[in-house]
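**Q** My questions all concern the structure below.
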Amino acid sequence: MSDGPEYCPKTLQGLQINAVTDGYIVYQSDRDRVHYLNQTAALILELCNGRNQAATLPELLQSAFDLPDAPVEEVEACLRTLRTEGLVA
Amino acid sequence: MHLERIQFLSSEFEIRTNSRELLDRVCCLAPRVQQEFSILHGCRISIDWTGEDFRISNSDGDEDYELSSTAVIERLFKHMHRLALANLPDHTRLRAVTVNQAGQAFLIVGPKCSGKTTLAVSLLLAGYDVCGDELALLQDGHAIAFPRRFLVRGDCVELLPQLKSYQEFVDSASHPARETLIAVDPTGLGKPWRLIPLEVSAFFLLEPNYGARTSIQPSGKLEMLRHIIPQCTPPASNRANWIGDMSCTVDNTRTFTLRLGELNSAVLAIKEILE
């Protein structure tokens with residue numbers, strides 16, 4: 001991750017997060033934008049609580065979805081998108 | 001002076017005019033729908049034929065002129081629709097067909113020209129209690145159709161042969177080159193037409209598959225919302241969390257993608273999946 005091993009991503013305040021069966025609908029009122037997060041992205045957003053280091057997220061996902069390998073690149077890409085879209089700092 | 005009252009959900013419009021002919025035309029176009037909705041707002045509209053043009057004014061003091069009866073009627077209905085919708089500021093508007101089935105609503109969502117009205121009329125002719133063809137108003141998991149006649153394109157006559165005896169279709173068929181919209185009133189087809197807020201039980205997302213057989217597949221909630229939310233007009237009141245309301249509504253219903261091909265197979269597919 002670009003912010004070093006200590007980086008703990010955190011979901012920004014002011015988001016309206018609505019859970020549905022297969023993901024999250026997130027409304028960003030300041031930008032009047034709606035984001036549709038699938039279950040994986042929704043879990044990553046949940047894990048961005050300011051306490052989990054970014055480097056540990058792939059392992060947490062591996063454990064949550066019972067994956068054979070930690071999805072390092074996928075998590076990095078998702079986290080990058082969440083940051084670009086202003087959902088996570 | 002001639003007078004007529006027309007209800008659009010919570011709004012009632014009292015129309016006064018010195019032209020009997022104009023009022024007859026307005027009455028012919030007004031939806032003959034039974035609405036179980038308390039009237040909370042009233043508006044008086046006057047239309048006076050001056051001998052040269054029509055002067056249209058309302059109880060708010062607005063005033064304007066139109067040269068032809070067609071133009072004044074068009075303006076009148078647009079005005080009534082706009083006010084009626086403004087008087088329901090907490091509802092989210094969604095482009096959708098609304099069908100009442102056993103006291104619950106299923107909605108067929110799709111963009112303009114995706115075949116919603118043609119399918120709505122097909123369902124109506126098949127015995128379904130279709131409440132509206134174009135606009136549904138949603139709040140807290142409930143939907144009500146906006147009371148408007150179903151506007152069927154004239155070139156859809158061939159797709160709806162059962163309507164060939166409907167007078168306005170007969171007129172349209174005699175001018176096949178002309179692009180016309182035919183205002184179909186379910187009561188004119190001998191069907192009941194009643195509007196009541198209904199709990200939403202299912203959403204169908206319409207995708208064109210013209211010329212082929214219709215198919216229906218279950219759809220994910222997220223995918224459904226991805227298509228539905230862009231079709232929505234948010235509540236005028238800026239009601240907080242309307243997206244949360246829509247998300248909850250969709251999450252609590254059955255959701256399907258309806259690839260619309262041949263109409264009879266579409267009606268059968270919907271019937272099968274709902275039964």
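**Q** If residue B:99 passes every condition in (1) surrounded by fewer than 18 Cβ atoms within 10 Å (Cβ to Cβ); (2) within 29 Å of residue B:237 (Cα to Cα) but one, which one does it miss?
**A** Against the list (1) surrounded by fewer than 18 Cβ atoms within 10 Å (Cβ to Cβ); (2) within 29 Å of residue B:237 (Cα to Cα), residue B:99 comes up short only on (1).
**Q** Would you check if there is a residue in segment B:209-230 being among the aromatic types (Phe, Trp, Tyr) and away from every other protein chain (no Cβ under 12 Å)?
**A** Yes, segment B:209-230 contains at least one residue that is among the aromatic types (Phe, Trp, Tyr) and away from every other protein chain (no Cβ under 12 Å).
**Q** Identify the residue in segment A:13-64 that is in a helix (DSSP H, G or I) and of a type outside the set (A, V, I, L, M, F, W, C) and, among all such residues, is surrounded by the most Cβ atoms within 10 Å (Cβ to Cβ).
**A** A:58
**Q** Could you tell me which residue of segment B:117-163 is nearest to residue B:248 (Cα to Cα), considering only residues that are of a type in the set (Asp, Glu) and over 11 Å from the mean Cα position of the chain (by Cα)?
**A** Selected residue: B:140.
**Q** Sticking with this one: Determine which single condition residue B:273 fails, assuming it passes every other condition in (1) surrounded by fewer than 18 Cβ atoms within 10 Å (Cβ to Cβ); (2) of a type in the set (Val, Ile, Thr); (3) within 14 Å of chain A (Cβ to nearest Cβ).
**A** The failed condition is (3).
**Q** While we're looking at this one, here's another question. List the number of the failed condition for residue B:66; all other conditions in (1) in the same structural domain as residue B:181 (by TED's automatic domain parsing); (2) over 18 Å from residue B:11 (Cβ atoms) hold.
**A** (1)
Here is a yes/no grid of residues against (1) away from every other protein chain (no Cβ under 14 Å); (2) more than 21 Å from residue B:241 (Cβ to Cβ):
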{"position": "A:27", "(1), (2)": "no, no"}
{"position": "A:31", "(1), (2)": "no, no"}
{"position": "A:46", "(1), (2)": "yes, no"}
{"position": "A:72", "(1), (2)": "yes, yes"}
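**Q** Now, a different point. Touching a helix residue (DSSP H, G or I) at 6+ places or on another chain (Cβ under 6 Å), of a type in the set (A, V, I, L, M) and surrounded by 13 or more Cβ atoms within 10 Å (Cβ to Cβ): which single residue out of B:83, B:22 fits that description?
**A** Going through B:83, B:22 in turn, the sole match is B:22.
**Q** Would you pick out the residues in segment B:187-205 that are in contact with a helix residue (DSSP H, G or I) (Cβ under 9 Å, 6 or more places away or on another chain) and either free of Cβ contacts under 8 Å to residues at least 60 places away in the same chain or more than 19 Å from residue B:10 (Cα to Cα) (or both)?
**A** Within segment B:187-205, B:188, B:189, B:191, B:192, B:200, B:201, B:202, B:203, B:204, B:205 meet the criteria.
**Q** Can you give me the number of residues within segment B:1-53 that are free of Cβ contacts under 8 Å to residues at least 24 places away in the same chain, among the polar types (S, T, N, Q) and not in a loop (DSSP other than H, G, I, E, B)?
**A** Residues flagged as free of Cβ contacts under 8 Å to residues at least 24 places away in the same chain, among the polar types (S, T, N, Q) and not in a loop (DSSP other than H, G, I, E, B) within segment B:1-53 amount to 0.
**Q** Hey, can you tell me all the residues within segment B:233-256 that are away from every other protein chain (no Cβ under 14 Å) and in contact with a helix residue (DSSP H, G or I) (Cβ under 9 Å, 6 or more places away or on another chain)? If you could, list the steps in order and put the result at the bottom.
**A** Applying the first criterion (away from every other protein chain (no Cβ under 14 Å)) to segment B:233-256 yields B:236-237, B:256.
Passing the criteria: B:236, B:256.
**Q** Applying the selection to segment A:65-83, what residues are aliphatic (A, V, I, L, M) and either surrounded by fewer than 13 Cβ atoms within 10 Å (Cβ to Cβ) or touching a Phe, Trp or Tyr at 6+ places or on another chain (Cβ under 7 Å) (or both)?
**A** A:77
The values are calculated or read from the model by the stated rules, or taken from the named source; none is laboratory data. Nothing here was measured: the structure is a model prediction, and the numbers come from that model. Glycine also receives a Cβ, built like all others from the backbone with ideal geometry; neighbour counts cover every protein chain displayed.
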